[in-house]
Amino acid sequence: MRLTAFTDFGLRALILLAEQEGTVLSSAAIASMLDVSVHHMAKVLQALAAGGFVRSTRGKQGGATLAKPPSSIRIGDVVRALEADQPIVECFRADGGACALAPSCRLRRMLKAAENAFLAALEEFSLEDCLGADVRRLIASLQPA
């Protein structure tokens, strides 16, 4: 399985927010710490808010905070939400895709089983499992001056 950069950025943003739980971080601050585009991070945070993982506020003092405790945010749920529009193969697309083999393909079942196993493995972990003193020190070094 391969995750999109969008999902990767979302997971990293959640880790930053979890390590600074209760602090409101702007999309610009998160983008700066992760060295990604502010525009892209704003879209990621919007998707995380739509999925119920973060709460966002507008305005000069606005930004994002976690919507629930890190222990209740399952990594599999985050990946499912952020990868919802990214099927792993053509025939998994919502419109059925354009695979000429689809009517009699046996590979689809195997790939679906692999995808389900991948997501089930990620369900074993919460955002809290991504945290620790080593991560906290690293994040502190990323803080904008």
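The values are calculated or read from the model by the stated rules, or taken from the named source; none is laboratory data. Bear in mind the structure is a predicted one, so any value in this text is a computation, not a measurement. Because the Cβ atoms are built from the backbone with ideal geometry, glycine has one as well, and the counts that use them run over all protein chains shown. To get the accessible areas, we keep the full protein, side chains included, count just its heavy atoms, and leave off ligands, DNA and RNA. Shrake-Rupley method; radii C 1.70, N 1.55, O 1.52, S 1.80 Å.
Filter the range 68-121 down to residues that are part of a loop (DSSP other than H, G, I, E, B), surrounded by 13 or more Cβ atoms within 10 Å (Cβ to Cβ), modelled with pLDDT under 75 and within 21 Å of the chain's Cα centre (by Cα), then give me how many there are.
4
So which pairs qualify, if the first residue must be in the range 121-141 and over 18 Å from T65 (Cα atoms), the second must be among the basic types (K, R), the Cβ gap must be under 9 Å, and the two must be at least 6 apart or on different chains?
These pairs meet every condition: L122/R74; L122/R80; E123/R74; E124/R74; F125/R74.
So which residues in the range 52-67 are assigned to a strand (DSSP E or B), open to solvent by less than 90 Å² (accessible area, probe 1.4 Å) and not small (G, A, S)?
Residues satisfying the conditions are V54, T57, T65, L66.
Of the residues A29, A49, which single one is free of Cβ contacts under 8 Å to residues at least 24 places away in the same chain, open to solvent by 10 Å² or more (accessible area, probe 1.4 Å) and part of a helix (DSSP H, G or I)?
A49
Go through the range 32-46 and give me each residue that's within 26 Å of R137 (Cβ to Cβ), in a helix (DSSP H, G or I) and either hydrophobic (A, V, I, L, M, F, W, C) or open to solvent by less than 40 Å² (accessible area, probe 1.4 Å) (or both).
M33, L34, V38, M41, V44, L45
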